[in-house]
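Here the structure comes first, spelled out in structure tokens, and everything after it is commentary.
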Amino acid sequence: MLHLKQPLLAATLWAGLATVTPTALAAQGDAPLDWREANDTVGQFQRGHVDVLRWEEAHLKETPEPAAPPATLSLATPADAVRQAWKAHLSLAGVQAQLGPDLTDAVAQGRWTAIDPGMHRRVQGLGELLAVAREARQAWIHAVAARQSIGLHRESLVAAQTAHELGRRMVQVGNWSRLQGAPTSLALSEAKMSLQRAEYTAALAERELIRVLRLTGRHDRIALPEGLPALPESLMSADALKSHLQRLRSQLQRAEALRAAPHARMAYEAYRASHALATGYRDEVLKTRELMAEEAVLRYNGMLKSVWDLLSETRLRFAAAAETVSAQRDFWLAEADLQWVLQGGEPTNFVSLGGGGAAAAGAAPAH
């Protein structure tokens, strides 16, 4: 599961607003605010920004988000989704009995290489069992990743709202023209639309998971974990792949064996490339963005960076986190495809590894 450093957010995003005292502005409504008076008000607090933030936290109540309908089914792991999917296929109960509890559990857990390809001849329906497991596993991965991304988009929206509010006040007191304030309005609109897209994508992914599990009409909401499983530290080696492929070929017809090799090569390439990208985002891009955000806080406190630099670094950090989640999702999808191919499956397509444009982009110019 992806764990992000969160302490920057509250101290970072509201520091700029504290400089122009949001409480003073709220008390005056839409009346013109004297910029010097606003900063003088901050000076009334013994420890400046920290006291303003604590006062606001104690006196200003945020509007609560509408409560989501309660979940009626919990799927904490992909294995839970696989077992739930099997329940909807009554014919697979006999297949599981033939496999035995240990091998059935291995399939549910995603350890398909424990199955000798020769068992396909002895266990009728094994191919269907594996196909259902792959579909359920990938639907669960999509749903968890989509829901995890919502939280990141919500936090990015907070940064955009903060920049917009600060920009609005700059325009209100005459320090900026409306044209200078327009970029913060545009950024806020884009952040809102990004969140709407993320919420819709998550809703679609959850609907698809419910469909795959054949639970439509029985469950409207599924409880899922906060994030995807952690990436494995080691991968299947090329020698292990070759060994598994040789075992598979010995059990296939000639035409099927000829098709298996290119499928396996493509699946293995996607598997290794997606893992490299996911670990790169996790260990390099995201950690660097977190370092840059932390340094931005220190430099802002030392009056070496503006609040705009601070907000820009915060938004880019969230973008890097979102790219990291997408990369982890792609790896687990590719891993499921590889397991499927090594059992004779023939995917019609392989995972498409997305680019990292948002996370890799440089910081926006300071205003």
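Brief remarks on what is shown
- Per-residue 3J(HN,Hα) values for segment 71-86, derived from phi via the Karplus relation 6.51 cos²θ - 1.76 cosθ + 1.60 with θ = phi - 60°, read 6, 10, 8, 10, 10, 6, 9, x, 4, 4, 5, 4, 5, 5, 5, 4 Hz in sequence order (x marks Gly and Pro).
- To the nearest 10, the accessible area of Arg83 is 80 Å² with a 1.4 Å probe.
- Percent accessible area from carbon and sulfur atoms, segment 231-313, protein chains only, probe 1.4 Å: 54
- Listed peptides 166-179, 230-243 by packing density, highest first (mean Cβ within 10 Å): 166-179, 230-243
- Summed over the residues of segment 197-338 and divided among them, the accessible surface reaches 50 Å² per residue at a probe radius of 1.4 Å.
- A straight line joining the Cα centroids of segment 191-210 and segment 108-144 runs 27 Å.
- Descending by average beta-carbon neighbour count within 10 Å, the peptides 98-107, 278-287 line up as 278-287, 98-107, the highest first.
- Phi angles of segment 252-257 translate, via the Karplus equation with coefficients 6.51, -1.76, 1.60 and θ = phi - 60°, into HN-Hα couplings of 9, 5, 4, 4, 5, 5 Hz per residue; Gly and Pro are given as x.
- Counting Lys and Arg as +1 and Asp and Glu as -1 over every other residue whose Cβ lies under 13 Å from the Cβ of Tyr281, the net charge comes to 0.
- Compactness ratio for segment 173-301: Cα radius of gyration over 2.2 N^0.38 Å (N = residue count) comes to 1.73.
- Amide hydrogen neighbours beyond the local backbone of Leu228, cut-off 5 Å, H modeled: Leu2
- Look at the dipole of segment 141-257 built from charges on Cβ: of Ser177, Val144, Gln251, the Cα furthest out on the positive end belongs to Gln251.
- For segment 88-93, 3J(HN,Hα) computed residue by residue from phi via the Karplus equation (6.51, -1.76, 1.60; θ = phi - 60°) reads 7, 10, 4, 5, 7, 4 Hz, glycine and proline entered as x.
The values are calculated or read from the model by the stated rules, or taken from the named source; none is laboratory data. Here the structure is a predicted model, which means the values were calculated and not measured. Quick reminder, even Gly has a Cβ in these numbers, built from the backbone with ideal geometry, and neighbours come from all protein chains shown. These accessible areas exclude ligands, DNA and RNA; they are computed on the full protein's heavy atoms, side chains included. Shrake-Rupley method; radii C 1.70, N 1.55, O 1.52, S 1.80 Å.
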